[in-house]
Each structure stands twice: as structure tokens, then as C-alpha cells.
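Each value in this text was obtained by applying a stated rule to the coordinates, not by laboratory testing. Here the structure is a predicted model, which means the values were calculated and not measured. Neighbour counts are summed over all protein chains in view; Cβ atoms, including those assigned to glycine, are modelled from backbone coordinates with ideal geometry.
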Amino acid sequence: MARPRLLVVSMSLPVTAKRTGEESWSFTMSPGGLVSALLGLKEFETKWIGWPGVDVHDAIGKKTLSITLAEKGCIPVFLEEVCDQYYNGYCNNILWPIFHYLGTPPEYRNDATITYQSQYDAYKKANQIFFDVVKEHYEEGDVVWCHDYHVMLLPQYLKEYNSKMKVGWFLHTPFPSSEMYKTLPSRSDLLRSVLTADLVGFHTYDFARHFLNACMCILGVEATSEGVVDQGKVTRVAVFPIGIEPERFINTSELSEVVQYMKKFKNDFGGRKLILGVDRLDTIKGIPQKYQAFEKFLEENEDWRGKVMLLQIAVPTRNGIGEYQKIKDQCHYHVGRINGRFGSISAVPIIHLDCSIDFNQLCALYAITDVLLVTSLRDGMNLVSSEFIACQKEEKGVLILSEFAGAGQSLGAGALLVNPWNIKEVSTAIGEALNMSHEEKERKHKINFQYVKTHSTQQWADDFMKMTLTNLFCSKLIEITTNAELRAGKAPLELPEHDVIQQYSKSNNRLLILGFYGTLTQPMKNQERRGDGMNLELHPQVKERLKELCSDPKTTVVVLSRSEKSILDKNFGEYNMWLAAENGMFLRHTSGEWVTRIPEHMNFEWIDGVKHVFKYFTERTPGSYLETSETSLVWNYEYADAEFGRAQARDMLQHLWAGPISNASVDVVRGDQSVEVHAVGVTKGSAMERILGGIVHNKSMTAPIDYVLCIGCFLGKDEDVYTFFEPEVTKKTKPPPSSDSDSPKKVSSTIVDLKGENYFSVAIGQTHTKARYFLDSSDDVVQLIHKLCTHNNA
Ligand SMILES: O=P(O)(O)OC[C@H]1O[C@H](O[C@H]2O[C@H](CO)[C@@H](O)[C@H](O)[C@H]2O)[C@H](O)[C@@H](O)[C@@H]1O
Ligand SMILES: O=c1ccn([C@@H]2O[C@H](COP(=O)(O)OP(=O)(O)O)[C@@H](O)[C@H]2O)c(=O)[nH]1
């Protein structure tokens, strides 16, 4: 199928035009991450629709500019008299501060001519102008991708014109908490319009969650399995974080001109360590906070004075707005003060440049930087962090990254994350970065470089296209329970080994239920982990003895695990035993085929949506891995950095809990280092009755089971398997059905005959459990199995 054409609509075109004659124009690249990111789109036929950065009032000017821009794949939108109140006013003085938690500035309320309403009117007018241009250039089959807060009304205009048009809207800034968003007078109109799009995208799950909350609180719409439902129309809401075009930076930093710049700059800086800041001179970038933190560092680290410098590139932006002029003055004030305080005749600690710089020089600076300091108070993503990583050379620098930048979720594992409001914390991080060992710098860089290389702009756009053209996004709201809450048991007793063995020898129809992970596997080291759970293998010392147990006609052995069928096949295929995979949802005797034990009513529509979220966090949490099966999903971060893993799990849970996942019958269990989602009722205990039915039926069992030993290292919710066999419960147990169509024929009314002394439930390594007894580790299980075999043979 031919790829559809992409019409990208954003406020600014990638180039800013300047008139050089009646019919001639020159161009410079427009600043900001949106432009640099979208320039990386190579694989689609793309037309870019936006404002060229100048007002053009005459017909000749408009015509010549349109022709020149057409050669660059760009189509101009002339905003003329609405531009000021639209761009400087509504977009950047109202929406921008609200979206970045700065609140609305008071100015517009006091100005008689520029009011909230006049700016909103300009916004509506401007969106109409954008619409007219898109309409003129739209061809059937095109995908229209609207970017950012400047064009929130555009999706509605487009859909009203042609409901078949494929329309996406992506927000490059944060979407704030609904408490903040609610203050916006036109809050409902904007949300309603955005919801007319087919797909709405954000950089992070937090932003998506806030958006969904705002839709639910303000519009009263529902977040369902497919996205947001508003008056019968479904809008999919997705998270796809933007990247850079890594090759562009890697290749540029190898150019000889760039290498020359690197040498020159190093020489200019006189051997001092370089801390670099690259930001538009915007209130949200926290540049004054950065200066204060650096001042604190110099204040507290006398030894570093004269040996380190901070170079801040403060790219001019939005000069027509009062707040932006104020922030410039503020920065100059701090620089003057700190340089006066810590400077010397030969050098000053801060170089602050109110200008943009040439791309090659930027790459050279990134390459020789020792510390990149990003202190955004809020930031949609922050591409500068990724660009720095892509340009790093032999001696790697350290990334200090604000936890309030969207990039924190993707690059946090290889960075020092800071709260930019905490001056002391940032100052300490500067010290840590400057003193970091070579090995640690390498390690951190490797993690982030891998991420930056594999999450490019192109991939971001591909994901958008894929989602727009298909129906991928699916989500549900679910309940979250912690593993600790589920394990509401008592302190277990030490296992009375002597009784276990004695009762075993006395009995004639025994049932042994054994877990796999942590029960029959060997404890393993970090580096042995392959990352997908597949390399867990049977404890080598248990193999022979287990075979012996399984071949005893008086003993039935069941391995009951959350692992999928193939893993149990691989590890236990050669034994004469029962395998209960996916917490008992599939059952097989090793001499036969797998049969499903999934109850008919169970619904698994939520799986794809949850998998999507889990994959996102797996990609962004080095060392974590995803275990997927047909009935449950587990995200495990036991081999990730503990603190970062916990933080990511919190983000993930909040998202699952509050946002896109609704109305499904699922349980979420937070393990110590994992998050598991499964259909309600998928527990080992609830599966036990069906497993038992299958076994009894297959064995044509006539005598009741007179001995049960159940050992596991189970999650709290699976502890119901221990109580399943408690005598008071089993007394009530009816003859178990083997399956819906296949009921047991020769089963006596009491399948299990347990009086208390012939039932042993054992939890491994738990201080609180529903099991009666505990063992410390799988090594103890191995020993016990050895003893059972020995005594049985004696
Ligand atoms: O065009 P300006 O008004 O000068 O502003 C430049 C851009 O600033 C914002 O960039 C955002 O997009 C980046 C890429 O997704 C992201 O990394 C960054 O955190 C955001 O602040 C704005 O959203 C763009 O529309 C502007 O073009
Ligand atoms: O003199 C410069 C220095 C940097 N940048 C680019 O500006 C973008 C900033 O993007 P980011 O996402 O960090 O923040 P934004 O400015 O979009 O808020 C990056 O691609 C930088 O390479 C620029 O255009 N001119």
C-alpha cells in the first residue's frame, strides 16, 4: 500500500523568512525542538503548513514567498493582523503559562484593549486561517497532523468540513493537571475540538493522564477501552515521546570543521571543565535557578573556583512578550552578580550569550561538554538532552536533568535527576557530576546513547502514522492492589520436616504442588539474566530426584507456575508430571497435549492496551523486562536501578489507575519489584479446582488424595492456593469438574481426605503468609525433595 501523504501543521514553519527585496527572501532556521525534531521526518512525503515568521501584506510578497517556500516543501499561513494577539497573546501569554503550571499572567485582565476575549477571538480567527490553508492543499487520503497548543481548534474545523479526513493532534508541551487546566475560560471548547481528532498524542503518560482527567472532569466524557468517548465518537489517546535524528548529530560531530571548533573552544576555555546550558530564553527553562545553583556550588566548593565554567546559550524567543523581556533582565542580573563575585582578571565563571549559535558550533560544544545542565521548571520533552548524548566523544560528559522535563522519563536512568527548584540539590549534583568516575560516566552514557539511537524522530512519526491508520490503542481502568496488602497472613512456622517425611511414607495417593520461580530454580546473579525471564532454569541438583518422585505411582506432581506453556515444556517436558501454566489457565500431563482451563466468561481485551504501556516503560527502564502470556502481563524491574525502577512503577501505576484503562475485570498486583496485570480470578487457588478435576479425571482416581504438599514462592494473590487445601475448606469441596464438557466419572464424593496432619502448605522466604509453614530458599526445597526420595526408598 502506498504511504499516505503527511500534512504537518504547526504555528511555525521550520524556516523563518526575511524579505530582502520586493520579490526576494532569505531564510534562517526557526528555533525550538518541534522544528528540529520534525526536520528528521524523511520517509513520508511531507508538506509543512505554518507561519513563515513575518507579516506580509502585499500580493507580490505573498506570491513570491509562497513560491520560494514551495521548493522547501513548505506552505505559508499569513496571519497578518491577528498574529500579535494570537501568538504573543493567547498562545504564549495564556496557554503556555497554564500548560507549564505558571498560571495566567495578570496583564490581560487589566488592559482595556487586549482582553482575554480579544485574544481568544484572535486564536479562533488564526485557527480558521490555518484551516483555510489546509483545506486548499488537502488531497484525499492525506493524513493531517496538527501540532501543539497553537492549533487546538483546528481538528474540529477540519472534521466539520470533512469527517473522513484522518486528523491527529500532538502536544509538545506538558498537559497540566486538570486543577490547573480548569482555570482556562475556554477550557471546554478546546478539549471538545481536540477530541474530534482521531488520535491525540503526548510525550509522557503523565500528560496523557492529566488530559484524560480534564476530559472526564470538565466534559463529563468517559475514558474507555478505546480512548475517550464523547457523544459516541471515540478518540484514541496515546503516548509517543519524540526523539531526535541521531545520525545528524553523530555525523556532524565528526566533521573536520566541528573537530576544529572543539579544539578551538577547549583552548579558549583554558582547561576549565565545561558546564553547558542550551535553552530558549524562556521562563520555563529555569535559567535563573540554574545560575543560583551554580553560585551555590562555587560558594561551597572553593577548590573548583577558576577550574569550572558555565556556558549558557540563551536562544532569543518570543521577544514581543513582557515576561520574556523580564526573564532576560533577571538572567543578566544573576550573571553580573555571580561573575562579579567569583570572577578574576583572567576569567569569569559564567558566559551568557543572548543569541542562537551555528549548528556545527553547537555540536562541537555538546561534544566537549563535561556536564549538560538542564533545569527546566517544566518542559514537554527537552531535546537538547538527547542531542548532547548523541554528540558525546571519548571522555563522556554527565547529564543533569530536571525531573520536570518529559525527557526525565526516558533518559532518567543515565542521568542525575534533580528538582530544579531545590538549589542545594542541583549544586550537589554539579559536584557529583564533576567528580564522577570515568566508568560511571561511561555506564550512564551507554544507557542513554542506546535509547537516543533507537528512538528517533522517524520512529516517532512512524508510530503516529501507524496509530492513526489502525486501531491500536486499547485501555482499561483497573484496580491496583499491593502484594503486601494481598498477603494478609500470619507468621508461618518452621516446616516440621520429620512430619512431612513420615506422613509422606504413610500415604498412598499423594499430591505435590510445586511452584517454579524461586521454588525449583536456582537463585541467579544479575549478569546471568537475559531480561525476558526465559533463561530461568531448573535447579541442577533437583533434576534426578524430581524424576524419581514423578515416577512413583503413588505420587502426582504438579508444577503450578505463572510461566507460559513453552517455558514449562522446556524445563519439565521429560518428567512424568502435570504442568499448570499461566497460573493454572492451561493444563497438560507431559504425556499429552495442553488443554485450556480458562473460564468461559473471562475477558482478555485489555491485554494489548496494557502491553503497550508495559513496553513503553520497559524501553525506558534499563534492566527491566516484560513477561507476557496469554492471560497476564508482568513488568519486572528487579534488575533495574532500584530507585528509578520504583519511580517508573509509580508513574506506570498512576497511569493504569487513573487514565486510559477502564472498566475491565482486571487485577493489578504490585510486587516488590514488579507490576502484574491479570484478569480477575486468575489466581493459583481459583484454578486449583479445575486442575484437580483434570487430574482426577485423567488418572481415573478412585481413592481420595491422602497427602498434599504445596510449596511455592507465590505472589500474595496466589496464596489462596494454600488455603484451598485447608481441611475446613476441602470438606466443603464438591466433586471438581474436570472441564465444562468433561466431568469426572469415577470420583468419590471426597476427592481429598486431609485431616490436618497430612497437609503441608509452605511459602518460601515469607514472614507473613497464608501458608502454614516456611522454608528459606529453593535450596531447602531441593534438600527436602532429596529426603522424600531417600525415605521413600528406605
Ligand atoms: O516557536 P517558538 O514559540 O519560539 O517556540 C519554540 C518551540 O517551543 C516549544 O517546544 C516544545 O517542543 C519540543 C519538541 O517536542 C519539546 O522538546 C519542548 O519541551 C517543548 O517546549 C513549543 O511547544 C513549540 O511549538 C515551539 O515551536
Ligand atoms: O542556537 C540554538 C541552539 C539550539 N537550538 C535547538 O533548539 C532546540 C530546543 O529544543 P528543546 O526540545 O530542548 O526545547 P524547546 O526550545 O523546543 O522548548 C534543540 O533542537 C536545539 O538544537 C537552536 O535552534 N538554536
Self-check item: Loop GluC sites (Glu not before Pro), the range 287-329, which have at most 16 other Cβ atoms in a 10 Å radius of their Cβ (DSSP)
Solution: none
Quiz item: What fraction of the DSSP beta bridges in the chain is antiparallel, stated in percent and rounded to the nearest 5?
Solution: 30
Quiz item: Which ³J(HN,Hα) values in Hz, rounded to whole numbers, follow from the phi angles of the range 13-27 under the Karplus curve 6.51 cos²θ - 1.76 cosθ + 1.60, where θ = phi - 60° and Gly and Pro get x?
Solution: 7, x, 10, 9, 8, 9, 7, 10, x, 4, 10, 10, 9, 10, 9
Practice problem: Name the residue farthest towards the positive end of the dipole of the chain from the options Thr454, Phe760, Leu69, assuming +1 on Cβ of Lys and Arg, -1 on Cβ of Asp and Glu, about the Cα centre. | Solution: Phe760
Quiz item: By how many degrees, between 0 and 90 and to the nearest 10, does the Cα long axis of helix 322-342 differ from the longest principal axis of the chain?
Solution: 80
Exercise. Could you pull out the pairs from Lys124/Lys166; Lys159/Lys182; Lys326/Lys466; Lys47/Lys263 whose alpha carbons sit more than 32 Å apart here?
Key: Lys326/Lys466; Lys47/Lys263
Quiz item: In whole angstrom, how far apart do the alpha carbon centroids of the range 629-655 and the range 492-511 sit?
Solution: 38
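Treating the beta-carbon of each Lys and Arg as +1 and of each Asp and Glu as -1, no other charges, what is the dipole magnitude of the chain about its Cα centre, to the nearest 20 debye?
Working: 85 positive and 99 negative charges, 93 e Å.
The dipole magnitude comes to about 440 debye.
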Exercise. With a ≥ b ≥ c taken as the square roots of the eigenvalues of the C-alpha gyration tensor of the range 5-239, please select rounded if a/c is under 1.5 and otherwise prolate if a/b is larger than b/c or oblate if it is not?
Key: oblate
Exercise. Give the relative contact order (percent, whole number) for the range 247-455; include only Cα pairs under 8 Å separated by 6+ residues.
Key: 24
Exercise. List the residues whose amide H sits under 5 Å from the amide H of Ile764, counting only those 5 or more places along or on another chain, with H placed 1.01 Å from N in the peptide plane.
Key: Gly712, Cys713, Phe714, Leu775
Practice problem: Compute the acute angle (0 to 90°) between the alpha-carbon long axis of helix 457-469 and the principal axis of greatest extent of the alpha-carbon atoms of the chain; round to the nearest 10°. | Solution: 70
Exercise. Round to a whole angstrom and tell me the spacing of the C-alpha centers of the range 371-448 and the range 137-152.
Key: 34
Quiz item: Could you put Tyr616, Tyr116 in order, starting from the residue whose Cβ has the fewest other Cβ atoms within 10 Å?
Solution: Tyr116, Tyr616
Quiz item: Cα axis of helix 438-454 to longest principal axis of the chain: angle in degrees, 0 to 90, nearest 10?
Solution: 80
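Compute the projected area of the convex hull of the Cα atoms of the chain, averaged over all viewing directions, and report it in nm² to one decimal place. Walk me through the intermediate numbers first.
Values: hull surface 159.0 nm².
Dividing the Cα hull surface by four gives the mean projection, 39.7 nm².
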Quiz item: Which of the peptides 459-465, 422-428, 408-414 is most tightly packed, and how do the rest follow, going by the mean number of other Cβ atoms within 10 Å of each residue?
Solution: 408-414, 459-465, 422-428
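Suppose a student asked you for the relative contact order of the chain, using Cα pairs under 8 Å spaced at least 6 residues apart; what percent would you report? Working shown, then result.
Values: 1562 pairs, mean separation 85.3, N = 794.
Relative CO of the chain lands at 11 percent.
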